Structure formats: structure tokens, C-alpha cells
Amino acid sequence: MTMLQEELETTENVNPYQTVQTQIETAAAILGLERDIVEILKRPKRVLCVNFSVKMDDGSVRVFEGFRSQHNDAIGPTKGGIRFHPDVNMDEVKALSMWMTFKCGVVNLPYGGGKGGVICDPHTLSKGELERVSRGFMEAIADIVGPEKDIPAPDVYTTPQIMGWMMDTFSRIKGSFSPGVITGKPLIVGGSKGRNEATARGCVFTIAEALKDAGKQLQNATVAIQGFGNAGRIAATLLAAQGCKIVAVSDSKGALYNPQGLDLAQVTQLKDTTGIMNYDARYHLQNPQDILELDVDILIPAALENVITRKNADKIKARIVAEAANGPTTPEADKVLFQKGILVIPDILANAGGVTVSYFEWVQNLMNYYWSEEEVNQKLRDVMVHSYRAVHDLAAEYKTDFRTAAYMISLKRVTEAMKARGWV
Ligand code: GLU
């Protein structure tokens, strides 16, 4: 293979839309699913591309491009976040919407999968501009979303405040208060207690189960976390509170590593002020990507897709990889990790806590009756532990990796619904 071919074939270029199609095919083959069903599931039902204009602070007008993909609504309305990121593209949003279908299936929520994205860098926008982008996007997609149609939520670089603006825009368009159109809202306008921590909390429940199966516990387990956004940062805090040693963290600016354990309070404080790379320079990792290859008990990719690829899979030394991010591992890397005996808790299980508490939020909105944080967390724990055990048992039965087993559970549910509705 020439250098150029090698470069072109690097799995960094893997298209997430192809990844999810491969994942579906793999599990469908084991289940012996009918071809018609696989063909339907390999594509989203609807993708909307919008261009909307926003007045910027300097008086200029900028056109933003965004997408909303709705994969499959056999089981219920579609559900999934909206991300604001410069690299958003249609294939990525399609793939993310498909992962949502299978995520909701693993944890048995009455939803199909959706996802949205706007191509923008929110860090370069003023608060007013961010609000106008958020409202502009919601206005552009308002026809196809709604509490019984498609329910967005936060994702990469989107926040409860953004959900609040979007809910307000939708409610104004409809002329009635519609908190159930979006989840991850601020508490005062119908958000759920525990939603903000839910992705990380759910992920920690799955890690605790995996360690228990290995005859280990959280106490003193070493952890590396790639990505210090909502999921990564809260996972670090929850794991540290349970006795884990957080030895490495990174964000888009760089990575920190201290085998003795990082001072998490300081890292968190820096994240909120001058940036994590102002931490003691002795603990800066020269190459931030090396965070994935550290010798740790638990590796948590909590940033973006395609970070564990065929290029670095054989160098991964963690015992457990818990995917807080969506799509961090490519199919080729999956095979390598499975052969190496590394347990990958797949995204559609590991990070399903977020959408699970989103579901609780939506239920509370529809009932207009709100639960205590203890109640939310207890229900979340039940869902995560139960789902983990189901995936674990099926993987053992079929001698597959956890991702394939998780897909098998979901595919069975979605297929049953499609048949019950007479689609096939
Ligand atoms: N964006 C999150 C995810 O990828 C949450 C989705 C939701 O709560 O609907 O699972």
C-alpha cells in the first residue's frame, strides 16, 4: 500500500453513516433479519436541511446551515439532541439519529431516533447571536418537531439555556406553552432534576457493573477521560467521589496526565476560567491523542466520533472503554479491541442515561407533575443496570461484543414494532 493509499484509508476518514450501517448489518446477520427490514433501517426516514439567516451584532447577516434527521418512528416519536459544531454535516447527523434509535431500543424507551445539528462554532458567537441562532434553527424546523413528533435535546456544545430559548420559540409559534417539545431545559421551565448529570451518571452505573463482573470495584480504579464537556466532566466528578483515581483528562485545547491522580477541583476550576492547559505544565501530555493509549483501568471517550480507529486500536491499554461520546470507535477498531479482550461498553448503552432522563423529563411535562432527584436517579439506575445485564447476558450467549448484543436487543424491538404496524 502506498503512503497515499494508507492516508486515504485511515479510519479517521471513516464516515459515521457507513459505520452505523455496518453495525446494523453485523447484528442483523446474527438475528437473521429479513432484507426488507434491514434496508428500511439503514436509512433515516426524513432529513431536513435548512438555511436560516441571523443578524449578527455588527449589523451583518449570516446564513447558517442546519439539519434534522428522523430515522425511525415505529416505536414512538423520534428523539435526540441538537449539536452546534463547525464540523457538523448531513451524514454525521444521519448517523447520530440512527444511533439514537438503537440507544432508545437498548434502554426500552418508547421513542425512535432523531438528531439535529447546526454548522457553527458557538465559542465565536456572542450570547445574543447564540440566542438568535438557536431561535432561528427552531423556527426553521418547527414544522417537523413537537411533543408527539420529534423531541430535541442538548448535545455537543448546546446547553439548557439553548433548550429554553428553543422551547420558547416553539411555544410562541404554536401559541401555547409546550415544554414537551424539547428536553434538557432549565428546571424552572419544565426541566427534570438530574437531567444535567444523567449521561455521566448512567455511564458510571454501567462502569460499576462491568467492574463488578471483573471482580473489581471503583475504589482506586484509574481513569482517563477524553473530553471535558457535560458528560466527561461530570463523569470525572462522580467517579472521583466513588474513589476512582482520575489520572488523565483532555479537552479540545490539550491533555493532562499525572499517574498519581490529577487535582480534579483545580482542573474543573481552570476549565471554567483560563482553560485546563493552565494546569501544572509538568503534567501536560505532549500529544493529546496519547490520552487514549494510557495504561488505565477505564478509558472514557467523551468527545466526538472516530477517535479509536484501526490506527490506534492495537495500542489501547485500558481494560474497559466506556463510550460516553457517540460513535468514538470505528468498526475495524471494534474488532481489534474485542480480540484483545478489552470490554467496550458501547455508546448506545454507556451514554443512554441522558436520553433516559430526557424521557423522564418529557413524561413529567406531559403529566405536569414533577419528581424528586432521588426518584429520578433511582429510576435511572434501574434502567441502566437492567439494560446492562441484558446486553451482558446476550453477548455471553452469542459470544459477541457488547455493541453487537446491544444492537440485537434494539433491532428485535424496532422490528417487532414495524411488523405490528404493518410496515413489513
Ligand atoms: N444528545 C444526547 C444523546 O446523544 C441526549 C439525547 C436526548 O436526551 O434526547 O444521547
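Rule-based calculations on the coordinates, nothing more; no lab input. Note that the structure is a prediction, hence the values are computed from the model and not measured. Positions of Cβ are backbone-derived with ideal geometry, glycine not excepted, and every protein chain shown enters the neighbour counts.
Quick notes on this one:
- Considering only beta bridges that DSSP places wholly inside the chain, some 50 percent are antiparallel.
- Fraction of beta bridges assigned by DSSP in the stretch 17-148 that are antiparallel (%, nearest 5): 75 percent
- Furthest towards positive pole of dipole, Asn196, Val376, Pro259, structure part the chain, Cβ charges: Val376
- Ascending count of other beta-carbon atoms within 10 Å, so fewest first, for Ser410, Ser60: Ser60, Ser410
- Assigned charges on the beta-carbon of Lys, Arg, Asp, Glu; the stretch 133-285 dipole about Cα centre (debye): 220 debye
- Based on alpha-carbon atoms, the Kirkwood radius and the radius of gyration of the chain give Rg/Rh equal to 0.95.
- Each label point was placed 7 Å from the Cα along the Cα-to-Cβ direction; for Lys340 and Arg282 their separation is 2.9 nm.
- Links that overshoot a 19 Å alpha carbon limit, given the list Lys79/Lys419; Lys193/Lys216; Lys103/Lys245; Lys127/Lys185; Lys94/Lys185: Lys79/Lys419; Lys193/Lys216; Lys103/Lys245; Lys94/Lys185
- Solution diffusion estimate, µm²/s, Stokes-Einstein, the stretch 250-402, Kirkwood Rh from C-alpha pairs, 37 °C, viscosity 0.692 mPa s: 186 µm²/s
- With contacts taken as Cα pairs under 8 Å and at least 6 residues apart, the stretch 106-178 reaches a relative contact order of 32 percent.
- At R0 = 41 Å, FRET efficiency that the Cβ-Cβ distance of Cys49 and Leu187 yields, to 0.05: 0.80
- Alpha-carbon centroid distance for the pair the stretch 173-197 / the stretch 307-330, whole angstrom: 34 Å
- Dividing the C-alpha radius of gyration of the stretch 1-139 by 2.2 N^0.38 Å, with N its residue count, gives 1.25.
- DSSP beta bridges fully contained in the stretch 200-358 are about 25 percent antiparallel.
- Ordering Thr400, Thr330, Thr101 by the number of other Cβ atoms within 10 Å of each residue's own Cβ, fewest first, gives Thr400, Thr330, Thr101.
- The stretch 55-127, Cα convex hull volume normalised per residue, Å³: 98 Å³
- Relative contact order of the chain, taken over Cα pairs closer than 8 Å and 6 or more residues apart, is 17 percent.
- Ordered by the count of other Cβ atoms within 10 Å of each Cβ, fewest first, Ile320, Ile207 give Ile320, Ile207.
- Pairs of Cα atoms nearer than 8 Å and 6+ residues apart set the relative contact order; for the stretch 8-137 it is 26 percent.
- With θ taken as phi - 60° and the Karplus curve 6.51 cos²θ - 1.76 cosθ + 1.60 applied, the whole-hertz 3J(HN,Hα) list for the stretch 47-52 is 10, 10, 10, 10, 10, 10 Hz, x standing for glycine and proline.
- Hydrodynamic radius of the stretch 300-389 by the Kirkwood approach over all distinct alpha-carbon pairs: 14.6 Å.
- Simple label model, 7 Å out from Cα along Cβ direction - Lys399 to Lys253, nm: 5.0 nm
- For the pair Ala420 and Arg62, a Förster radius of 35 Å applied to the C-beta separation gives a FRET efficiency near 0.15, rounded to the nearest 0.05.
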